[in-house]
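Reviewing the structure listed below.
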Amino acid sequence: ETGPLELRQLARSFLNMSKRLQSSFEQLKQSERAHRELVANVSHDLRTPLSSIQSFVEALQDQVLKDPDTLHQYLSTIRSETKRLNVMIDDLFELSLLEAGQQTFTPIPSYLDQLLIEVLDSHALLLREKKLQLDVNVDSNLPRLPIMPHKIARVISNLLQNAIRYSPIGGTIQLEARLIQEKKEVEIRLRDQGDGIPEKERSRVFERFYRTDQSRNRESGGAGLGLAIARSLVELHHGTIGVRPPLDGRRGSEFWFRLPLQQPYKDDSKL
Ligand code: ADP
């Protein structure tokens, strides 16, 4: 027989359970909504280059193109759109691995300057095309960092690509890497002289697919995945990332990220 006390306890645990159920149901609904949004975004972003490829291929099939210049132009558009698709698919794949927690973290002690040289070299052409000047300032006493060098190169490359993309022609990009002793971290900063990011959008640019109002109607630029990938990669390294306006009040934005000098011990075999 159940007394009033047990009944009350039972009722309480029942209420608790139903509350928990309701909140996990809410969570499910939210993640389903996010999922649906994701699929819609992906489909839209993949469809744009695909339909452009399709229409150019059709044009090539339909017409007997005599003019070699036009032919060349069509083919090079098909090529660049295909490349865009490839990049997007790679990005999506990388991000989905990261978000599913399936990217293993296997850091090796690496020097940052070596890595920076490689990243900067691979962007030399883009920099030259926009007549940009690059000021690099790296602390000479930086120790080796426990990082996955390719992944950190990717972070810097994504930030640098944006800095180039949003810089005015002839502008200057500053890149700094500093040891922050008291915090036992290294901070890497990339500053450009572009239009900057309005305050209300600053926290959102790291969301996947997020593009500011200004850049949404631009032709250049990707699908809004670059910063989401950068954030996930930095977090994989137990670091932090953010953006602020330049401290001296000039125009532009300053993206920064911090990496710990030592990684918390983690048993990778359980991942
Ligand atoms: P995208 O492929 O659109 O550049 P990102 O994830 O790299 O995607 O960036 C998200 C958005 O953040 C961009 O669309 C742009 O609106 C804004 N943004 C990123 N970097 C800069 C920058 N250096 N200056 C101004 N806006 C930027």
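General remarks:
- Considering only Gln103, Gln27, Gln133, the mean-square fluctuation computed in a Gaussian network model of the chain, springs between alpha carbons under 10 angstrom, is largest for Gln27.
- Furthest towards positive pole of dipole, Leu145, Ser157, Pro107, structure part region 71-168, Cβ charges: Ser157
- Over the chain: Rg over Rh, Cα atoms, Kirkwood Rh: 1.10
- Based on C-alpha pairs under 8 angstrom that are at least 6 apart in sequence, the chain has a relative contact order of 16 percent.
- Sequence of Leu145, Leu120 from largest to smallest accessible area, 1.4 Å probe: Leu120, Leu145
- Accessible surface computed residue by residue for region 32-84, with neighbouring protein chains in place and a 1.4 Å probe, gives 78 Å² per residue.
- Using the Karplus relation 6.51 cos²θ - 1.76 cosθ + 1.60 with θ = phi - 60°, the per-residue 3J(HN,Hα) values for region 245-258 come to x, x, 5, 7, x, 7, 6, x, 9, 10, 8, 9, 8, 10 Hz, with x marking Gly and Pro.
- Ranked order, Asp113, Asp91, Asp195, Asp62 - accessible area, probe 1.4 Å, largest first: Asp62, Asp195, Asp113, Asp91
- Pairs beyond 25 Å (Cα-Cα), from Lys130/Lys184; Lys83/Lys151; Lys131/Lys183; Lys151/Lys183: Lys130/Lys184; Lys131/Lys183
- Reach of Lys29 by Cα under 17 Å, taken over aspartates and glutamates that are not fewer than 8 positions away in the same chain: Glu37
- For region 1-141: rounded, prolate or oblate by the Cα gyration tensor [a/c cutoff 1.5]: oblate
- Figure note: Leu179, Leu7, Leu233 ranked by solvent-accessible area, largest first, 1.4 Å probe, ligands and nucleic acids not counted: Leu7, Leu179, Leu233.
- Here the label points at Ser96 and Glu176, each 7 Å from Cα along the C-beta direction, are separated by 4.0 nm in the simple model.
- Accessible surface of the chain, 1.4 Å probe, proportion on carbon and sulfur as whole %: 52
- Candidate aspartates and glutamates - alpha carbon under 16 Å from Lys66, same-chain residues fewer than 8 apart omitted: Glu58
The values are calculated or read from the model by the stated rules, or taken from the named source; none is laboratory data. Model, not experiment: these values are computed from the prediction. Note that each Cβ is placed from the backbone with ideal geometry, even for glycine, and that neighbours are counted across all protein chains shown. Accessible surface is based on the protein model in full, side chains and every heavy atom, while ligands, DNA and RNA are left aside. Shrake-Rupley method; radii C 1.70, N 1.55, O 1.52, S 1.80 Å.
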